[in-house]
Amino acid sequence: MRGKKLPQLIIIDGGKGQLNAAVKSLEKLDILHRVTVIGIAKRLEEIFFPGDSIPLYINKKSESLKLIQHARNEAHRFAINFHRDLRSKNFLTTRLSNIPGVGPKTAEKLLKKFGSVTQLMEADISEIEAVAGKQMAVKIRNYLDEDLS
C-alpha cells in the first residue's frame with residue numbers, strides 16, 4: 001500500500017461491531033493512521049467513530065447526513081448489482097457450458113425456457129429444437145443422456 005493514494009474518508013455500513021472489525025483490518029494493513037473511518041448504523045442513523053462508544057447524532061435534515069446516507073446507499077446498489085452479475089455468470093456456468101457448441105446465449109435461452117438443466121433433461125427433443133435448432137438439440141440431448149449414465 002506504500003505510495004498508493006487512499007481515500008480521506010471510509011464509511012462503514014454498520015455500528016460499533018462492524019466499525020471495530022474494519023478498524024482491525026485497517027490496522028493490519030497499517031493504514032488506519034492515514035484515513036478517517038466512521039460507521040453509520042442504519043436504525044437511528046448513528047455515526048460512530050473508532051474508540052468512541054457514544055455515537056454522534058446528526059440532524060435528520062442535515063446535508064452532511066444526506067451525503068453519508070447517499071454514499072452508503074450507492075455502495076449498497078453497487079454491491080447488489082455486482083452480486084446479481086456474479087450470480088448470473090455462475091448461473092450460466094452449468095453443465096450446458098460443457099457441451100461443445102453451446103455458448104452463453106444458447107445456455108441462457110435454454111435455462112430461461114426450461115428453468116433448470118433437470119427440466120431440460122426431461123424435455124422432448126422437439127421442445128429443445130424450438131430453442132436451439134435441430135443439430136444443437138441432438139448434441140444437447142446426447143450429452144445429457146450420456147451425463148445420466
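Just so you know, all these numbers are worked out from the coordinates, no wet-lab data involved. Just so it is clear, the model here is predicted, and its values are computed rather than measured. When we count neighbours, we look across all protein chains shown, and the Cβ atoms used for this are built from the backbone with ideal geometry, even at glycine.
Taking amide H atoms as placed 1.01 Å from N in the peptide plane, the amide H of GLU46 lies under 5 Å from those of ALA41, each 5 or more residues away in sequence or on another chain. Legend: residue pairs LYS112/LYS139; LYS105/LYS139; LYS5/LYS60; LYS4/LYS66, Cα-Cα distance threshold 21 Å; pairs beyond threshold, LYS5/LYS60; LYS4/LYS66.
Couplings for segment 97-114, taken from phi via the Karplus curve 6.51 cos²θ - 1.76 cosθ + 1.60 with θ = phi - 60°, read 5, 7, 7, x, x, 8, x, x, 5, 5, 4, 5, 4, 5, 5, 5, 5, 9 Hz in order; Gly and Pro are left as x.
Phi angles across segment 118-128 convert, under the Karplus curve 6.51 cos²θ - 1.76 cosθ + 1.60 with θ = phi - 60°, into 3J(HN,Hα) values of 4, 5, 5, 4, 8, 6, 6, 4, 5, 5, 5 Hz, Gly and Pro given as x. DSSP finds beta bridges in segment 4-60, and of those with both partners inside it, around 50 percent are antiparallel. Projected onto its three principal axes, the C-alpha set of segment 90-148 covers 27, 21, 20 Å, listed from the longest axis down. Averaging the sequence gap over all C-alpha pairs within less than 8 Å and six or more residues apart, then dividing by the number of residues, gives the chain a relative contact order of 13 percent. Can you tell me the orientation of helix 134-148 relative to the chain, as the angle in degrees between its alpha-carbon axis and the longest Cα principal axis, to the nearest 10? Taking the Cα atoms of the chain, the angle to 134-148 is about 80 degrees. Note on LEU6 and ASN81: the model spin-label points, each 7 Å out from Cα along the C-beta direction, lie 2.8 nm apart. Coupling constants for segment 45-56 follow from the phi torsions by the Karplus curve (6.51 cos²θ - 1.76 cosθ + 1.60, θ = phi - 60°), and in residue order they are 6, 7, 9, 10, 10, x, x, 10, 7, 9, x, 9 Hz; glycine and proline get x. Relative to the longest principal axis of the Cα atoms of the chain, the long axis of helix 16-28 lies at roughly 90 degrees. Computed from the coordinates I sent, percent of Cα pairs over 19 Å apart equals one of (1) 49; (2) 56; (3) 66. Tell me the label. The listed entry that was calculated here is (3).
From least to most packed, judged by other beta carbons within 10 angstrom and beginning with the fewest, ARG43, ARG72 follow the order ARG43, ARG72.
The angle between the Cα long axis of helix 63-92 and the main principal axis of the chain comes to about 20°, on a 0 to 90 degree scale.
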